[in-house]
Amino acid sequence: MPPASDSTRILRLAAWIWIGYLLAMLLMDMALYLPQVQRALPQNAPLNPQLAPGLQNPPINQLPQAPQRLFPVFLNYTANLSLAVFFLAVASANWTRKKLGKFHYPVLLFIITATPILVNVFLVPRFPPGPLANAEGMALRQLPVLFVALALVAWEYRMAHIVLFSVATAIFELTLVLLRGVEFQNIYVFIFIAIVRTISFIALGIFINLLVTQLRQQRETLREANANLTHYASTLEQLTVSRERNRLARELHDTLAHSLTALSVSLETVKAYFDIDKEKTRELIDVSLESTRKGVDETRRALKSLRSSDLEDLGLGLALQRVAESAASRFKLDLELGLPSPMPSLSPDVEQAIYRVAQEAIQNITSHSGAKKFSLRLEHDHRTMLTIQDDGIGFDLSKNTSGHFGLIGMRERAVIAGGTLKVESAKGKGTKVTLEI
């Protein structure tokens, strides 16, 4: 079934086609019937012989009978246009879609189907004599609007619904014709028209439905191809960044780390052989050695951060498992782990967001919550959801959390990945963090 926005657009288009068709038909009927009335008025001939049989010069008060012949014509277009405008209003209004819900489309479909049938059965036969006032003309008048209704059915529903619509439309019209009381010899004309139209509707409706189905399949294929292309581009970017990190790590290891190590050895030598002002010299050398060792440690930490993370080395599933089990082991916490198998195929940006949010949430648990156990679950259906919950002391969400940079960072990562972050917590009731993408 197409999205609501697509259905709204197609319903509005149907309404405007309906209105345009009625205006065009109104102009045609005015061109057809107005000359008849203009010719009849000057002749002083009775327009209805039963009113004054044999009367050659009717009274002046009988002349308005001529314009009355056009009354069914104007009544027809008034009813049709009123319902067409109502159809457009209902199709365009948001509150009607919310009010009617799943019945919004079927109700409008019934309006655009039933209106031309009702009007043509009860009003068109009252038209003045003309080429479109007989049974064939009735069928021709209502056909374009019913074609629009057929297109709406083919757009929204399946082939079985097209057959049902075609048959039900014919039965509905024939029932109204019988209720109106058509002469027995004319009923065969209506039946023949209904059969021909039903067969035509089924054939044309199936053809439209096949075209619409193929169009949607092509659009879905294009959407998937676009998503795959975005995924491949993101993966290529991640690989490029990872290779650059490893290259920088090798270069730093071969230069800065070795230089600091050499400096440390040199200072130790100076310390052993330098005997002038020994106390002061030793003090300075000790400071230098300590600074050098700290520099080496910092360099190694930088190298480690530059190298590929667990997420890039192991994948999302093992990376989440490692970070959760490591925290549980170090802080003696009970862990409940729920990861899908196999892991879903996600873009690198989404995986990075999930991993970093999990890291930050677990860091908060081990540092601030005082929890005895926590759980980590990752679920993937039509959406990806990460849930991390603990039984710690919790905190008051009503207080200002603008200074909680960990929470701010998690929310920012969620937004960048196209998702939302929800934090639930209360004093003494633990904390639950939910990331949904």
In the stretch 419-437, what residues are over 12 Å from Gln389 (Cα atoms) and touching a residue at least 40 places away in the same chain (Cβ under 8 Å)? Gly419, Leu421, Glu436, Ile437
Of the conditions (1) at pLDDT below 75; (2) assigned to a helix (DSSP H, G or I), the single one that Arg197 does not satisfy is (1)
Does Val296 meet the test of being among the hydrophobic types (A, V, I, L, M, F, W, C), modelled with pLDDT under 90, over 24 Å from Arg411 (Cβ atoms) and buried (at least 18 other Cβ atoms within 10 Å of the Cβ)? yes
Does Pro2 fit the bill of being in a loop (DSSP other than H, G, I, E, B), more than 17 Å from Arg141 (Cα to Cα) and modelled with pLDDT of 50 or more? yes
State all residues of the stretch 198-224 that are within 16 Å of the chain's Cα centre (by Cα) and touching a residue at least 24 places away in the same chain (Cβ under 8 Å); if no residue qualifies, say none. Arg216
From the option list Leu150, Leu81, Leu75, Leu109, single residue qualifying as in contact with a Lys or Arg (Cβ under 9 Å, 6 or more places away or on another chain) and either surrounded by 19 or more Cβ atoms within 10 Å (Cβ to Cβ) or at pLDDT 70 or above (or both) is Leu75
Taking Val163, is it more than 20 Å from Leu11 (Cβ to Cβ), surrounded by 12 or more Cβ atoms within 10 Å (Cβ to Cβ) and modelled with pLDDT under 85? no
Give me the residue from the stretch 328-362 that is in a helix (DSSP H, G or I), aliphatic (A, V, I, L, M) and out of contact with any strand residue (DSSP E or B) (no Cβ under 6 Å at 6 or more places or on another chain) and, out of that set, farthest from Thr235 (Cα to Cα). Ile362
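The values are calculated or read from the model by the stated rules, or taken from the named source; none is laboratory data. Bear in mind the structure is a predicted one, so any value in this text is a computation, not a measurement. Backbone-built Cβ (ideal geometry, glycine too); neighbour counts: all protein chains shown.
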